[in-house]
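This report refers to the structure that appears directly beneath it.
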Amino acid sequence: MWLDWTLDPSVQYTDAYLTSGSVISTSFISYPGPSLSTGSLRLNNTANVSLSGDHSVAILPPTGESFWLTFQGQHFGHYAEAVTVSYSDENGTSFACVTTPIISGDLHGSISDSRVICRTAQLEPSATYFFTVVVGGQTSAQGLDELIFPGLPSVVSVAGCVTERDGGTFDCNTAGGQTITIQGTNFWEGMVCTPPLGSCSDVM
């Protein structure tokens with residue numbers, strides 16, 4: 001005698017035992033654990049994503065905002081509530097990447113069996129992160145794709161007026177119209193310059 005049935009995709013990826021009435025049998029169904037596809041990390045915004053060898057390197061703008069990201073893999077299932085995504089730095093500090101539904105009312109819109117979409121929750125400056133996925137208690141190997149947060153912008157020196165000293169510029173024209181050069185680190189296209197008085201225009 002045998003029994004055929006269709007597996008419910010809501011079953012989590014642990015061992016599922018067959019039952020007959022109230023007696024649990026010793027037979028079971030085992031699901032494979034999740035795995036991440038190298039080179040699949042993408043950012044759903046203007047962040048810079050490049051390939052280094054066979055893996056993706058995503059560099060976030062130094063704004064401190066959270067970002068949506070997508071990556072591919074296997075055996076994620078179809079239910080966001082069964083999936084936990086985290087990203088860890090080289091020191092093992094770990095943060096959650098939230099698999100919030102993308103469309104209101106779509107409880108499972110951020111997960112498919114081969115794709116995860118999640119939103120970063122927290123980032124520490126000057127860090128490189130790697131992703132891990134847990135489905136039904138089974139943990140993937142850490143992915144090779146890199147998420148880099150370079151840190152907030154920092155100004156080192158300002159130049160462009162009559163006198164330059166100690167990283168500053170002096171005797172500037174009170175009528176305005178001078179081109180000021182700001183040197184520093186972690187600058188990003190689209191950033192806004194705000195001087196103590198007035199405003200900057202034509203930021204390059």
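The values are calculated or read from the model by the stated rules, or taken from the named source; none is laboratory data. As the structure is a computational prediction, the values presented were derived from the model and not from experiment. All Cβ positions, glycine included, derive from the backbone under ideal geometry; neighbour counts span all protein chains shown.
Checking each residue in region 116-133 for being of a type outside the set (S, T, N, Q) and closer than 15 Å to Asn91 by Cβ picks out Leu123, Glu124, Pro125, Ala127, Tyr129, Phe130.
Among the residues of region 112-139, the one identified as in a loop (DSSP other than H, G, I, E, B), within 17 Å of the chain's Cα centre (by Cα) and buried (at least 18 other Cβ atoms within 10 Å of the Cβ) is Leu123. Ala58 meets each of the listed conditions (1) surrounded by 20 or more Cβ atoms within 10 Å (Cβ to Cβ); (2) at pLDDT below 80; (3) within 24 Å of Phe187 (Cα to Cα) apart from (2).
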